[in-house]
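Below is one structure, written out as structure tokens, with a few remarks after it.
The values are calculated or read from the model by the stated rules, or taken from the named source; none is laboratory data. This is a predicted model, so every value here is computed, not measured. Positions of Cβ are backbone-derived with ideal geometry, glycine not excepted, and every protein chain shown enters the neighbour counts. Ligands, DNA and RNA are stripped out before the accessible areas are found, and what is left, the full protein with its side chains, is counted by its heavy atoms. Shrake-Rupley method; radii C 1.70, N 1.55, O 1.52, S 1.80 Å.
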Amino acid sequence: MDIRRIKFNAGLNYLFLGDRNDSYYHEVTSSGNRYYALPNRNIMNATLQYSADKNNSVALNFYNILDKKDVVNDYENYGLPFNWTLTYNYSF
């Protein structure tokens, strides 16, 4: 029986976070504490995969394709800039 395998595979994902919590940091004013709203977050990732046979595959992953400088948490830490990985997988 001849089972055909898909050799190439691709994926694209987009994440949008809106209406986020206030920042951990705040400004103390005479009228009280003033908290800062975190800005919306946009991130796009992609993957390309090639399967040579049922045991061997190679994947190229791209992260933060739009190279956005987005705040990722309440402490206003920034996410990584555009980056990529190349992986090889062997299954047995």
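Conditions (1) aliphatic (A, V, I, L, M); (2) surrounded by 13 or more Cβ atoms within 10 Å (Cβ to Cβ); (3) modelled with pLDDT under 95, marked per residue:
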residue: Ile6; (1), (2), (3): yes, no, yes
residue: Leu17; (1), (2), (3): yes, yes, yes
residue: Arg34; (1), (2), (3): no, no, yes
residue: Thr47; (1), (2), (3): no, yes, no
residue: Val58; (1), (2), (3): yes, yes, no
Taking the stretch 34-77 and keeping residues of a type in the set (A, V, I, L, M, F, W, C), closer than 24 Å to Arg5 by Cβ and outside any strand (DSSP E or B) leaves Ala52
Scan the stretch 29-50 and report the pairs whose first residue is over 26 Å from Tyr63 (Cβ atoms) and whose second residue is surrounded by 15 or more Cβ atoms within 10 Å (Cβ to Cβ) and modelled with pLDDT under 95, with Cβ atoms within less than 7 Å and a gap of 6+ or a chain change. Tyr35/Ser23; Tyr36/Ser23
Among (1) among the hydroxyl-bearing types (Ser, Thr, Tyr); (2) in contact with a Lys or Arg (Cβ under 8 Å, 6 or more places away or on another chain); (3) more than 27 Å from Ala10 (Cα to Cα) - the single one Tyr75 does not satisfy: (2)
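Please enumerate the residues belonging to the stretch 19-32 that are of a type in the set (Gly, Ala, Ser) and either assigned to a strand (DSSP E or B) or surrounded by 13 or more Cβ atoms within 10 Å (Cβ to Cβ) (or both).
Hits for the stretch 19-32 are Ser23, Gly32.
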Collect the residues in the stretch 82-92 that are open to solvent by 60 Å² or more (accessible area, probe 1.4 Å) and closer than 19 Å to Leu12 by Cβ, keeping them in residue-number order. Phe82, Trp84, Leu86
